[in-house]
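Notes for the one structure printed next.
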Amino acid sequence: MIINKARQAEMVVRYNAGETLQAISVDYGLTGERVRQIIKGVAIPSKEAEEIRKEGRRVDWQCLVCKTAH
């Protein structure tokens with residue numbers, strides 16, 4: 001499956017907002033490992049995003065494809 005740049009960007013935004021790889025993978029029908037690989041290839045998560053994930057917080061994000069807040 002080829003993932004376009006908009007979907008890659010959306011994955012990064014969601015991951016940086018604190019979502020887990022598993023949660024993202026379910027929405028795209030991919031494995032958590034594949035999502036990790038895609039995110040790693042697109043961007044390095046910020047220090048703030050890492051802190052958000054460690055604390056278990058969640059930040060709302062807007063889908064780049066459908067423009068819907070999630």
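The values are calculated or read from the model by the stated rules, or taken from the named source; none is laboratory data. Keep in mind the model is a prediction, meaning the values are calculated, not measured. Using ideal geometry, Cβ is built from the backbone for each residue, glycine included, and neighbour counts are taken over all protein chains shown.
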(request) Kindly state which helices (runs of 4 or more DSSP H) lie completely within the chain and contain at least 2 residues that are at pLDDT below 80 and among the polar types (S, T, N, Q). (result) none
(request) Would you point out the residue of region 5-25, among those that are under 10 Å from Arg36 (Cα atoms) and not β-branched (Val, Ile, Thr), that is surrounded by the fewest Cβ atoms within 10 Å (Cβ to Cβ)? (result) Gln22
